[in-house]
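Data first, discussion second: the structure below is written as structure tokens.
Throughout, read-outs are computed from the coordinates displayed, never taken from laboratory work. What you see is a predicted model; the values in this text were computed from it and never measured. Cβ placement follows ideal geometry from the backbone for every residue including glycine, while neighbour counts extend to all protein chains displayed.
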Amino acid sequence: MPRMLDVSDEVRAEIGDEEAARLLAGESAPGSYDCTSCRTPGDPQQERTSTVLFIGDETAVLAFAHATCLPSQVVQVTEEQLQGAVRAIGGGAPEPESAKVTPEQAVLGVTSGLVLISGELHPALVVEPTAPVARPGSPGAGDDFLPLLIEQGFMPLTELAAVPPVLHGWSVLLAAGQLHAVLQPNPAGGHPVAWWQAHQPLQVTDGWRAAANKHQQVLMFAAPVGSIGRQPREDLLRDALDKAAANGKLVAAALPLAGI
């Protein structure tokens, strides 16, 4: 029986026509798989399946996803991320994770949680630096974290009354059921690059992952240092977000999954 595989032109260009033909003919496609996004089983003989090629610094890994979860695409990651994606397993509770990002090299705290907006739960990432973020090349010690994000297209919020607009070109990399990176457009063109990436894949709850796959996007909220803090519960996190918004210290955007 032929496989219901989607191989995008982008993936075909990386793996070659011969390998693409073998995949489509079922010669090198799996009989079944765990979706690289939602981590539930998939069968390319029974449902449309996307080929997702993760490319690291030295190696590449071809993964499979339900077409309803992710489109066929190429995702550029670091070699460390790629090896982590191979080892990663799903599950776990929301917990903060920090990593160095470019170009400011500030340390960001990233926390996952579910946020209720207009009666519906949405997966969210809350980003807060551990120190003020100065504009690259600036001689001063001011905090330009929010202005820098606003220049990238994030919207200032005064209240969490509606889902923020989608910021195209940015995306959230959810691979092997875990959070790996927030990607931004590459100034030089080509594949997106990491704006933030986890030292280790960040575990998210089953509910968070299910909501991300339902909406096919993640809401990212960002606030200056000292505005949110490390909140142990989602209700306290929401209270902190509401206060930051009321004080004019919150920006947000909806980011598609994995560069959709």
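Observations, loosely collected:
- Beta bridge orientation in the range 5-76: antiparallel %, DSSP, nearest 5: 60
- Along the axis of the charge dipole computed for the range 5-76 (Cβ charges of +1 for Lys and Arg, -1 for Asp and Glu, origin at the Cα centre), the listed residues Gly26, Val7, Ser37 are led at the positive end by Ser37.
- Computed extension length for Asp17-Glu120: 32.7 nm, one decimal, from 0.36 nm per residue of separation with the Cα-Cα distance subtracted.
- Stretchable slack from Met155 to Asp9, in nm (0.36 nm times residue separation minus alpha-carbon distance): 49.2 nm
- Each distinct pair of alpha carbons in the range 5-76 adds a 1/r term; the inverse of their mean, the Kirkwood radius, is 12.0 Å.
- Candidates per trypsin sites (Lys or Arg not before Pro) in the range 1-50, loop by DSSP, up to 16 other Cβ within 10 Å: Arg48
- Backbone geometry of the range 225-232 corresponds, through the Karplus equation with coefficients 6.51, -1.76 and 1.60 at θ = phi - 60°, to 3J(HN,Hα) couplings of 3, x, 8, 10, x, 8, 8, x Hz, x marking Gly and Pro.
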